[in-house]
Every structure is written in C-alpha cells, then in structure tokens.
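Trainee: Take this structure, written in structure tokens, and hold onto it; I'll ask about it next.
The values are calculated or read from the model by the stated rules, or taken from the named source; none is laboratory data. From a predicted model like this one, the values you see are computed outputs, not experimental measurements. Here the Cβ is made from the backbone with ideal geometry for all residues, glycine too, and neighbour counts use every protein chain on show. Surface accessibility is based on the protein's heavy atoms, side chains included, excluding ligands, DNA and RNA. Shrake-Rupley method; radii C 1.70, N 1.55, O 1.52, S 1.80 Å.
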Amino acid sequence: MGKQSTEFSALNCIDLSNPDINQSVNLLKQACLDSGFFYVVNHGISQEFMEEVFAQSKKFFSLPHKEKMKILRNEKHRGYTPVLDELLDPENQVHGDYKEGYYIGVEKGEDDPESNKPFYGPNNWPAPGVLPGWRETMEKFHRETLEVGKAVAKIIALALDLDANFFDQPEMLGEPIATLRLLHYEGQVSDPLKGLYGAGAHTDYGLITLLATDDVSGLQICKDRDAKPQKWEDVAPLKGAFIVNLGDMLERWSNCVFKSTLHRVLGNGQGRYSIAYFLEPSHDCLVECLPTCKSDSNPPKFPPILCHDYLTQRYNDTHADLNVYKKQQA
C-alpha cells in the first residue's frame, strides 16, 4: 500500500465531563504543542444519535449517482461533492481525492439579509420524499456539534492564557461559519508512491475540526511537515469520540504557538464513512495575532485578515471549477 509507517499515534483524550478544568487545559495544551490532534469524549451527544447520523449518511451516499448530482454543491459550498472533486495535495496527487462528500452549512433563508454572506444561505437538501426525516437529523447534529465545538474552544482559550469566553464572543463563535461535511471513501486502495489517496495531505483551513469516524482506520498525521522523509502515524478510531484537530486559522491567530498539523487519508480497500465539522469564526471576524502570543522578541508573523476572505481563497484553491460539471451534463 506504500505506507511509510504503520505506527499508531498516542493522542491525548479530553473528557468534557471532567470537573477539573485545569487537567483538561494541560492535556489540551500538551496535545496542541505536540501533534495538534486529540480525542474528545463525554461530549454530550449520545452514541445512539451518532449511530443514527452515520446510518442516514450511508443512506444518502447509497442513492444513485444521478440523484446525488441533482444537489451538486453550489457556489456557497452546499451540497454534494463527487469523487475526485477535491484536490488537496496537487504536488503529490495524480487525481483528486477518492472520496465523495456532502456539505451542510448554517441555514439562512434567501429572504434573510444574512444569506448574502459568502458562507451563509439555504442548504442544498435532498428532496424530502427521497430521504424522509434526513434533513431534521442532520440539522440536529449540526446544532449539537456546535455546542461541543464551543466547549472545546473554551479550553483552547484557557490554554492560550485568554479568558475562557474569548472565542464565544458574537463576532467569533456567536455567529460562526460552521460546516458539517459527510464523507464516504469508496474502498479504493491508496498508494502514495503512485499518487493515489483517499484524501491528499493537507491542513484544515479554519479554527478547529471535529471528526467522527466509523471503525475503519485510514486517517494519518505527520507531526513535522518539513521532515525528509515525512513520518506518518495512524490515528486509531475511538468509538463515540470526536477526533479534534487545529486549523490554519488558529495557527495564524496563535502566532504559530499552536500548530495546524498535516494529515491525509489512505484507503485500505474497505469503505469508510466519517463526518467532519469545520468550525470557524464569523464572516467579519478579524484574525490577528492574539495578545498573549506576541512580544517584542516574537512579533506577529502574519498580517490581520478577515475570516471570509481567507476561507474563500482556501476553498477556491482546493475544489474543482463547477463549470466542469456543467460541461459533463451538457
């Protein structure tokens, strides 16, 4: 399979029900300085509901291709993304990623002035008759996962010597860009030596990502992206847990105190399902170096940037031009 390593990474586990917040802060800080990845357990979403969400995700991906293409992703990144649509590591990938996906963002009706913002608007839902109750399940999961993300963000704030509610302000996670993405890896065998990947090596764009997975492994992380050769470690699935990782925006905000870690997915011939929840601050949030992460000897490494400008550029860099599909359907 061309794997450079089959070693499993030992990740810290943050228990959101732990009353000792200092212990959680220390575990998280250690994880963020070491790998940028950690598990979150006892997060308040029941195992039964998690399993229901995965069952509903499988139902969607089992639909005929023609049915899924009716809700192809739009300019606001809502809807279905076909296999090979996303190219995350163009230097090393022969094709796009061998995965299909489905994006669900913050729902804002077309009559809502907020829907004019780049990452807000109506979602591109399957017709109710096709998958009854499906939308309601996904909307509930979107809401509940946002609360988990906010709880994690509180611990991150404390780990950066900020007020616990720093990220919970209205201009940050009070009006977040929060995107749920269902993912299905179809069962191809990846081979890095041939440039074939389930998901090419990449870092995530935003603040944090919460990932729920089935019991099929495939996620790998590389703690030192500049090492030659790169050393990849497997991340073991953990039933009922979220695997959380830091995004580039937090690396930028923290002036590289906390790192956004390179990761990829290698297929082993088994189908694999996962659900990623990308949590970012509001559209107009100015991402600039945190006061606790700069000094005279360590000045800010990045200029300030508006959240929506940054995200728009990153999405455009990694997704196929939608005109490709219009030509195919013509």
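Trainee: Only one of (1) farther than 21 Å from Q188 by Cα; (2) outside any helix (DSSP H, G or I); (3) open to solvent by 50 Å² or more (accessible area, probe 1.4 Å) is not met by V94, so which one is it?
Mentor: That leaves (1) as the condition not met.
Trainee: Output the residue which, of all residues in region 217-238 that are open to solvent by less than 40 Å² (accessible area, probe 1.4 Å) and in a loop (DSSP other than H, G, I, E, B), is farthest from A151 (Cα to Cα).
Mentor: Filtering first and then ranking leaves A227.
Trainee: Given the conditions (1) touching a Lys or Arg at 6+ places or on another chain (Cβ under 7 Å); (2) open to solvent by 20 Å² or more (accessible area, probe 1.4 Å), report the number of the one that A159 does not fulfil.
Mentor: (2)
Trainee: Can I ask one more? Looking only at region 66-76, decide whether some residue is more than 27 Å from Y315 (Cα to Cα) and touching a strand residue (DSSP E or B) at 6+ places or on another chain (Cβ under 8 Å).
Mentor: Scanning region 66-76 turns up no residue that is more than 27 Å from Y315 (Cα to Cα) and touching a strand residue (DSSP E or B) at 6+ places or on another chain (Cβ under 8 Å).
Trainee: Listed residues D317, D296; which is open to solvent by 20 Å² or more (accessible area, probe 1.4 Å) and modelled with pLDDT under 90?
Mentor: D317
Trainee: Across region 184-203, which residue is nearest to the chain's Cα centre (by Cα) among those that are at pLDDT 90 or above and open to solvent by less than 10 Å² (accessible area, probe 1.4 Å)?
Mentor: A199
Trainee: Can you tell me which of (1) open to solvent by less than 10 Å² (accessible area, probe 1.4 Å); (2) at pLDDT below 95; (3) in contact with a Lys or Arg (Cβ under 7 Å, 6 or more places away or on another chain) is the one F119 doesn't meet?
Mentor: (1)
Trainee: Is at least one residue of region 255-269 more than 19 Å from Y315 (Cβ to Cβ), in contact (Cβ under 8 Å) with a residue 40 or more places away in the chain, touching a His at 6+ places or on another chain (Cβ under 8 Å) and surrounded by fewer than 24 Cβ atoms within 10 Å (Cβ to Cβ)?
Mentor: no
Trainee: Identify the single condition in (1) surrounded by 15 or more Cβ atoms within 10 Å (Cβ to Cβ); (2) at pLDDT 95 or above that N42 does not satisfy, given that it satisfies every other one.
Mentor: N42 satisfies all of (1) surrounded by 15 or more Cβ atoms within 10 Å (Cβ to Cβ); (2) at pLDDT 95 or above except (1).
Trainee: Something else: Does P300 satisfy being in contact with a Cys (Cβ under 8 Å, 6 or more places away or on another chain) and touching a residue at least 24 places away in the same chain (Cβ under 8 Å)?
Mentor: Yes: the conditions hold for P300.
Trainee: Which residue is nearest to N12 (Cα to Cα), if the candidates are limited to region 239-274 and must be among the small types (G, A, S) and assigned to a loop (DSSP other than H, G, I, E, B)?
Mentor: A241
Trainee: Among (1) at pLDDT below 95; (2) open to solvent by 30 Å² or more (accessible area, probe 1.4 Å), which single condition is P19 missing?
Mentor: (1)
Trainee: Just to be sure I understand, how many residues within region 92-111 are within 21 Å of T312 (Cα to Cα), without any contact (Cβ under 8 Å) to a residue 24 or more places away in the chain and not small (G, A, S)?
Mentor: So the answer is 2.
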